[in-house]
Every structure is written in structure tokens, then in C-alpha cells.
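Here is the structure we will look at.
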Amino acid sequence: MEINLTGVEAVPQENMTHRLAMLLWGDAGTGKTTLACSAPGNKLLINFDPDGPSSLGKRPDVHVVDLSGEGHIVTNKFQTDDPLGLSRALADKENVIDTVIVDSTTSYAQVATDAGIAATKGATVMRPSPGAYGARNNLTLRMVSAINRITQKYNKHFIIISHEAPPTVDSEGNLLYISMALGGSLPQSIPLKLSEVWYIQDIGGKRRILVRPGRTRKPMKTRMFDTSSKSEFISPYDQFGKDAPYGAGSLKSYIEEYKANDYEKIKVP
């Protein structure tokens, strides 16, 4: 079957490329960065967190762009169609990058707020104006959208990391829900651009992963897993195991299982 359109190409759905486009979020110290770095191949880690990659040890497959000390001027690097010249790096056939990781969007949103304050008349750190918060939302969403678009173009995996926000409560102090620490509409707008949103929780030294909203946490979603019978599992991933940095419970293992199943949903572990 041949379909003629003006200026674009239509291909059979079965011929489309599949890549991981994910957001991992949870409290500090739950292993978000180490799990993200269990994605396939060489990783380019764009770091905004002071000492963020320190939990990884020495990893020849992880290449870090450390922007954690640049303050709010770092947002200027991401207001172009090709931030950091990422397209050239992903097109390089000799030094192949397979996965791009942003760690973390929470830290980027904080410096984006500072950028909004600096650009908004009358706004201060103690009293940011609606204009400063609007700038935060626009700057953060633009950064995520630009990297997501470029990684999709070159069929590279894309993972962003976010921290957990304090609980949202009603006027009487009753817990309503817990979400990611991004602010404003970002916890709703960023996940719309991604196929996987997972929450990671530390329970006595083990990692519990939720792929659908539950346990007062939201948002989560998944296209990879069939959640008809359950939507959470205990991760078997061991960053120090004999098969590290991959092995059981790694993102690479789930991607390979998903691919082997012809990209039909796989069972929750």
C-alpha cells in the first residue's frame, strides 16, 4: 500500500523505531540514577545535581556533562533548537551514544525559577511572581521537549530524573497525594511527552517500582508493561552484582524483553 502525502513520509507502523522515553522519579537515595544508567550502551548524562553522578563509581559507559555549577545562566544553553550541539553528538558514527539522561529536572526547574526571577521585574527569591513561575514552566518544558525531539530523531533512549515533592494536603492537613518536585503544571505536562513514567521507592533497602498511580503517588504510566493484574514490583536490580551494570532488573533487560515480544506489552515482573 502506497500513501502519498506532501512533504512527509508514511511508513507501516511495524517498521517504526522503538526507543525508551522515560521519567524516573522518587525520593533522594532510591537509586534513580543507577537504574537510569542501566539503560543500553553508552550514556550521555547531562547533570544539574551537585555530586549527582557520584553514586555511579567509575563507569566507562557513562559520559558526564556537568552543568551543576553554572547557576541560572545554564538555561540559555537550552533555549535553542539544538541545545549543547546534541544533534552532532548523536549523529556521530564513531563515538556512538545510545542513551541520553537528564539528572535532574527538579534541579533544572529550580535554576529556571531563578532565571525567571532575574528576568521578572519585582520578583525576588522570597516572593517569586507568577511571571517567574511561568518562566520556570516554559524554560523547563522547552529543555525537555528539545532533548526529547532530538533523541527521537536519532532513535536514542531518553531518560529524565525527578525528585519527590512534599505531600499535597487539604485544608485540614489530610494527605491528598504525592507527586514529583517540578512545580506548577510540569508534573502533568512533561509526562505527556514520554511513554514511561515510573516511581521508585525505598522499602527497607529494597526498591519498589510503581508503573501506575498508587500508594498516594502520581503520575505514573507505562506502555511497556501489562498492568491488568498488578502495577508494582520489587526491583531485582543490583548495581554491584556480577552482571552489573546490566543483568536482571536493568532497563536494558526490560527493553530486550519488550523487543523480543515484538513490542507487545510484557508482564510486570
| Residue in the range 67-107 that is surrounded by the fewest Cβ atoms within 10 Å (Cβ to Cβ), counting only those that are within 17 Å of the chain's Cα centre (by Cα) and farther than 24 Å from residue 137 by Cβ | 98
| note | Flagged in the range 250-269 as farther than 20 Å from residue 156 by Cα and surrounded by 14 or more Cβ atoms within 10 Å (Cβ to Cβ), in numbering order, are 265, 266, 268, 269
| task | Kindly provide the set of residues from the range 22-52 that are touching an Asp or Glu at 6+ places or on another chain (Cβ under 6 Å), surrounded by fewer than 21 Cβ atoms within 10 Å (Cβ to Cβ) and closer than 14 Å to residue 209 by Cα, ordered by number. | result | 27
| message | For the range 94-114, check the following and say yes or no: at least one residue is farther than 29 Å from residue 38 by Cα, without any contact (Cβ under 8 Å) to a residue 60 or more places away in the chain and out of contact with any strand residue (DSSP E or B) (no Cβ under 6 Å at 6 or more places or on another chain). | response | yes
| task | Filter the range 224-243 down to residues that are assigned to a loop (DSSP other than H, G, I, E, B) and touching a residue at least 40 places away in the same chain (Cβ under 8 Å) and give me whichever is farthest from residue 31 (Cα to Cα). | result | 227
| note | Scanning the range 116-143 for residues that are closer than 19 Å to residue 84 by Cβ and surrounded by 22 or more Cβ atoms within 10 Å (Cβ to Cβ) gives 139, 140, 143
| request: Take residue 162 and decide whether it is out of contact with any Ser or Thr (no Cβ under 6 Å at 6 or more places or on another chain), within 26 Å of residue 250 (Cα to Cα), modelled with pLDDT of 95 or more and surrounded by 17 or more Cβ atoms within 10 Å (Cβ to Cβ). | output: no
| Are there any pairs, at least 6 apart or on different chains, whose C-beta atoms fall under 8 Å, with the first in the range 199-223 and in a strand (DSSP E or B) and of a type in the set (Asp, Glu) and the second surrounded by 13 or more Cβ atoms within 10 Å (Cβ to Cβ) and modelled with pLDDT under 95, and if so, which? | 202/27; 202/30; 202/31
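The values are calculated or read from the model by the stated rules, or taken from the named source; none is laboratory data. Everything quoted here is computed from the prediction, not taken from an experiment. When we count neighbours, we look across all protein chains shown, and the Cβ atoms used for this are built from the backbone with ideal geometry, even at glycine.
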